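All of the numbers you see were taken from the coordinates with simple rules; none came from a lab. Just so you know, these numbers come straight off a predicted model, no measurement behind them. Because the Cβ atoms are built from the backbone with ideal geometry, glycine has one as well, and the counts that use them run over all protein chains shown.
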Amino acid sequence: MQAGLDGASGDVEHARHLLLIEPVEVAQHENGPVHGVQGCKHGADVDVGAQVGNGNGRLQGGGVDRYRPAGSGGPQRFPYGDAPGPRAQGHGVSQAGKVAEDGHQRLLGGVLAGAEGDGAADAADVRSDLGEEGVHGVRVTTLGAPDELLHVSRSSPKPGRFPGNQELFTTLLSRMTNEITVVGGGVAGLVAAISCAEGGARVRMLEAHRQLGGRARTTAGPFRANLGPHVIYDDGPTWTWLVERGLAGDEPRSPVRGIRFRNHGQLRRTPPAALLGIVRLAGHEAPVDRDFRSWVAEHCGAQSADLAAKAAGVFTFDADPGRLSAAFVWERLVRVVTQVRPKPRYVVGGWGSLVDGLGVRARHLGVRIDTGHHVASLPSSPVILATDLPAARRLLGDDSLQWEGARTALLDVGLVARPGDPFVVSDLDEAGWVERFTAPDPSLAPAGHSLLQAQLGLRTGESLDSGVARIERTLDLAYPDWRSREVWRRRSAVDGKSGALDPPGTTWRDRPAIARGDGVFLAGDMVAAPGMLSEVSFNSALEASVLALRAYSGGLRSIPTRARTERRVSAGTR
């Protein structure tokens with residue numbers, strides 16, 4: 001599951017708490033539980049920090065598609081993609097105070113240094129059309145890079161001259177007193193703010209909550225749980241970007257042992273043979289306009305199609321992934337199941353540590369961060385709305401800002417550790433997923449304890465209680481005596497907060513466009529950007545920052561010093 005942002009309303013009801021566990025603030029909106037927490041008669045349906053167990057186990061109180069983007073304008077450029085690999089070894093995000101110095105030149109400093117040649121030509125917009133996408137390098141073309149910009153000559157014997165006419169010069173000088181406003185302090189907002197500041201802009205961030213992070217926040221207390229399973233794939237652009245800034249590099253990888261599969265009510269150490277049958281689809285390009293289940297069934301049979309669809313629950317969070325576009329599911333499934341070397345990386349201390357590192361980086365670059373600031377009306381442009389779509393709809397008065405997401409039950413359980421507990425359970429009966437996050441990161445739980453995080457797509461009209469009961473049946477099978485070992489739990493239902501889903505006939509290009517006109521730009525996991533789950537937030541944040549910098553500078557663009565590298569789009573982070 002990915003990182004997001006925004007705020008909400010309504011009281012959150014907490015169950016009984018362990019002595020060491022503090023209440024978890026769940027993001028809410030002013031006009032109801034639109035932030036993804038399912039309401040019930042007592043308030044938001046969230047059960048946090050419940051004291052359970054048999055008494056003996058309790059903690060004590062000391063202890064790819066080639067369509068044009070939706071909306072007006074030409075093809076969208078994505079300034080950063082996936083690099084072949086990290087070019088520098090950074091420090092873990094838990095060491096948030098160690099922030100690398102940035103190599104980017106400042107926007108206004110570069111522009112005012114002077115340029116030569118024809119002013120109109122110098123100021124012309126240099127564009128790069130978005131090329132094809134693929135998986136693992138198949139038919140992947142380089143995206144527009146930030147180096148395709150207006151370059152300033154410093155070696156010419158001619159006197160430096162500002163490109164363009166005096167009116168443009170006056171306009172740009174007036175921009176020097178302006179700023180870019182970023183609304184939303186989740187991962188997308190932080191990445192956008194950092195990118196704008198690296199481009200030389202004055203940046204102000206407005207976050208409704210007292211803490212940054214949005215849906216990337218981590219619970220306090222002895223069990224540090226994210227809002228659903230979170231990892232970063234180290235062959236994706238998010239990882240490369242973090243490493244380049246010294247915010248990642250040595251995080252633990254996914255263990256290779258302890259993987260189990262639930263099939264026909266039995267626990268297996270190996271995937272069913274029918275699931276392996278989908279290898280015959282290798283090299284096939286999945287169609288955009290067909291659903292995944294029928295496409296796989298045509299080539300591999302109904303049994304293989306059903307198992308493959310259930311396996312996709314890990315990255316769709318949906319009750320029926322087989323109904324989605326074949327291209328959408330297949331691209332991501334190939335990435336997840338064809339890892340010779342494990343790609344997932346686990347942020348030590350939870351994603352709250354990542355948020356802390358991004359916050360330090362932003363402040364280091366001069367970003368002014370205002371928390372506890374509820375935005376009731378649209379700020380002056382240029383502005384980046386790094387919020388969920390309902391919040392953006394309210395601020396822009398634009399009812400077209402809609403896209404489909406999943407409705408999902410989440411269950412987090414802290415329990416006394418037991419040798420032999422699986423690391424991962426892929427539920428091929430229910431399209432669910434269970435992960436023991438203390439296997440790669442023991443710091444998430446007290447010594448001698450484990451933290452499980454489980455997800456399961458809720459069926460139409462299904463209650464949270466029913467979804468949690470189905471998850472518990474999987475736990476009964478995979479984790480013997482877990483009920484007597486349980487010492488802490490949290491449960492919640494999230495709606496449309498786990499990333500965009502593309503139904504048949506649509507691609508990411510059909511989602512709400514990033515550029516909304518009049519200097520307003522969107523960033524988040526439900527907008528028109530490539531990638532998987534939180535990678536959509538990352539890519540959209542970088543694109544929004546480039547467009548906002550262009551608006552901030554009167555049409556001119558920043559001049560990075562980093563050498564251009566071959567980059568590609570990948571399906572990324574769950």
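Things worth noting here:
- Cα-based shape type of segment 346-474, given that a ≥ b ≥ c are square roots of the gyration tensor eigenvalues and the cut on a/c is 1.5: oblate
- Look at the dipole of segment 268-343 built from charges on Cβ: of PRO342, ALA297, ALA327, the Cα furthest out on the positive end belongs to PRO342.
- ³J(HN,Hα), Karplus 6.51/-1.76/1.60, whole Hz, each residue of segment 408-417, x for Gly, Pro: 9, 8, 10, 9, 10, 10, x, 8, 5, 5
- 3J(HN,Hα) along segment 278-290: 6, 4, 5, 7, 4, x, 7, 9, 5, x, 6, 8, 10 Hz, from the Karplus curve 6.51 cos²θ - 1.76 cosθ + 1.60 with θ = phi - 60°, whole Hz, x for Gly and Pro.
- Each peptide in 222-233, 509-520, 367-378, 537-548 was scored by the mean count of other Cβ atoms within 10 Å over its residues; highest first, the order is 537-548, 222-233, 509-520, 367-378.
- Residues whose placed amide H lies under 5 Å from that of ILE369, excluding near-sequence neighbours: MET205
- For ASP388, ASP289, ASP399, order by how many other beta-carbon atoms lie within 10 Å, fewest first: ASP399, ASP289, ASP388
- Relative to the Cα centre, the charge distribution of segment 327-367, modelled as +1 at Lys and Arg Cβ and -1 at Asp and Glu Cβ, gives a dipole magnitude of about 120 debye.
- Shape class of segment 268-343 from the alpha-carbon gyration tensor: rounded, with the ratio a/c of largest to smallest axis under 1.5.
- Dipole size of segment 268-343 about its Cα centre, with +1 on Lys/Arg Cβ and -1 on Asp/Glu Cβ: approximately 480 debye, rounded to the nearest 20.
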